[in-house]
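Below is one structure, written out as structure tokens; comments come after it.
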Amino acid sequence: MARYIFITGGVVSSLGKGLMAASLAALLQARGYRVRIRKFDPYLNVDPGTMSPYQHGEVYVTDDGAETDLDLGHYERFTGVASRQSDNITSGRIYKTIIERERRGDYLGATVQVIPHVTDAIKAFARAETDDLDFVLCEIGGTVGDIESLPFIESIRQLKNEVGRGNAISVHVTLVPYIAAAGELKTKPTQHSVRELAALGVQPDVLVCRCEKPLPVSERAKIALFCNVPESAVIPALDAASIYAVPLQYHAEGLDSEVLRAFGITPSSPPELSRWQEIVDRLQHPEGEVTVGVVGKYVGLQDAYKSLNEALVHGGIANRVKVNVRWIDAELFEHDDEEIVSQLEPLDAILVPGAFGERGAEGKIKSVRFAREREIPYFGICFGMQMACIEGARDLAGIAEASSTEFGPTEQPVVGLITEWMGRDGLEQREAQGDMGGTMRLGAYDATLAGNSVVASIYGDTHISERHRHRYEVNTGYREALEKGGLVFSGMSPDGTLPEIVERPDHPWFVGVQFHPELKSKPFDPHPLFASFIEAAVKQSRLV
Ligand code: GLN
């Protein structure tokens, strides 16, 4: 049977709970255990698909087409275990299921209540599909004390009893703030947070204490005494230079051995951490640097492009260079051509990422043109591919009115709504006026690459599978015109109906993809497109 590790957060949000969970899973994996991480989100949205990236950061898409919390991206990047729909649950989804059952009469006249119905549903989610695992790590979103998270904490309490004490532990992540005026680290917020958790029936087994300064032995002892854990189970967690240094740092502080000890497991050998040491070594000792401009919309909040940022870092790891990412607001370019030159000229490469809606689109199209004409490496992802096609149509195929139906009715729909495609369970069809949520082509789909294409040589393969999240597609009716303008359709869906990749073979590096390769990149396995794009940026940096 799988063992459970429940991870909660106290005092404040943004303590890096997700990163802690991902790092702990990576450390357990490095000891040979099979792991899976799950996220419980207490909010009432059914999934984060309809939430603004400004509110919630990026929406992470899984192979099976779920729109999930961005923490699942960390989990996957740190463990290499592909996340699934069943790894992310929200209160909204739980209530939706329960209310649907209630309407069907499945509860046979019973009063439907938080305990046991909601808590049973939470427990069932935690325990589903765990047969082949050694450890299931369950991260509870939010902070202990939030009203929304109460049913989740109660479920942990019940589950700990059900699976037996030796089979479930609780790890609580807290803050030990430094008060500059007093010159001291303060343990009181941690004490209160643990007390609050204990009052709900969950005594933490391990405490992870985020602090800006090293935690003195005396404070560690104090936390242990007041919070009812052994001193060795108080794990200090200082900020790290890179998120990829976090697993090694937690290992050095004894996190993984403390967790095993809490389960009564004595490890026979140390974990195999060479993969992480190699990554940290490459990050700490780069042999050069490049600057990549990301021309986007949500540039004020980097969490909106979390996976993209990480995939660029991975491209740097692959090439042993530091990647400086410059986030550029596409709207700056709408009416100011001088701004384009001053912002884009110094860059070694330009990337236009995924986006929704018209705002900034013309600025992105101008960025594509700049990259194409100046022969600067260009990478268009999803919306960025669509803009590359509109740019090519307008400038090289003589279709001045080329546009996307996403921006309103147009005579020249070079990009149009997808109304039909082969889904995983048969033909999918869409109405132009459908619901907002869940109407996209989502998740992993195969693509077939032309044998002699640039992308086939980058992938080293002509059959690939990548994750999608889009409603619009490049209209194959314009293929011939675009190809005459030098933009080659080098990747298509296996049935030949949906364009997946376009490229300009006569350009140093110009690739547009309809999918999101950043979602599958890992620090120990950088995505080939990002590795190749950064390699092109390195070449470009040597030209100037
Ligand atoms: N808005 C575009 C579409 O729906 C692009 C989506 C994206 O970039 N993820 O097709």
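The values are calculated or read from the model by the stated rules, or taken from the named source; none is laboratory data. Since the model is a prediction, treat every value here as computed from it, not as a measurement. Cβ coordinates were reconstructed from backbone atoms using ideal geometry, including for glycine residues, and neighbour counts include every protein chain displayed.
Just a few scattered comments:
- Test for I534: is it within 25 Å of the chain's Cα centre (by Cα), more than 16 Å from the ligand (Cβ to nearest atom) and in contact (Cβ under 8 Å) with a residue 60 or more places away in the chain: yes
- Any hit, segment 114-136, residues being surrounded by fewer than 20 Cβ atoms within 10 Å (Cβ to Cβ), under 24 Å from R93 (Cβ atoms) and of a type in the set (S, T, Y): yes
- Screening segment 471-490 for residues that are within 16 Å of the ligand (Cβ to nearest atom) and not polar (S, T, N, Q) and picking the one that is surrounded by the fewest Cβ atoms within 10 Å (Cβ to Cβ) gives R471.
- Among (1) farther than 30 Å from G443 by Cα; (2) in contact with a Lys or Arg (Cβ under 7 Å, 6 or more places away or on another chain) - the single one A355 does not satisfy: (1)
- Candidate set: segment 359-384, residues that are outside any helix (DSSP H, G or I) and within 27 Å of the chain's Cα centre (by Cα); chosen: the one farthest from A304 (Cα to Cα): P377
- Unmet criterion (only one of (1) within 21 Å of E500 (Cβ to Cβ); (2) at pLDDT 95 or above) for A397: (2)
- Residues (in contact with a strand residue (DSSP E or B) (Cβ under 8 Å, 6 or more places away or on another chain) and in contact (Cβ under 8 Å) with a residue 60 or more places away in the chain) located in segment 273-288: G288
- Residues that are within 14 Å of the ligand (Cβ to nearest atom), at pLDDT 95 or above and outside any strand (DSSP E or B) occur in segment 494-515; there is at least one.
- Of all residues in segment 172-196, those that are aliphatic (A, V, I, L, M) and touching a helix residue (DSSP H, G or I) at 6+ places or on another chain (Cβ under 7 Å) total 5.
- If you filter segment 484-493 down to residues that are in contact with a helix residue (DSSP H, G or I) (Cβ under 8 Å, 6 or more places away or on another chain) and in a loop (DSSP other than H, G, I, E, B), you find that the one that is nearest to Y472 (Cα to Cα) is L487.
- Within segment 197-242, the set of residues being out of contact with any helix residue (DSSP H, G or I) (no Cβ under 7 Å at 6 or more places or on another chain) and among the hydroxyl-bearing types (S, T, Y) comprises S218 only.
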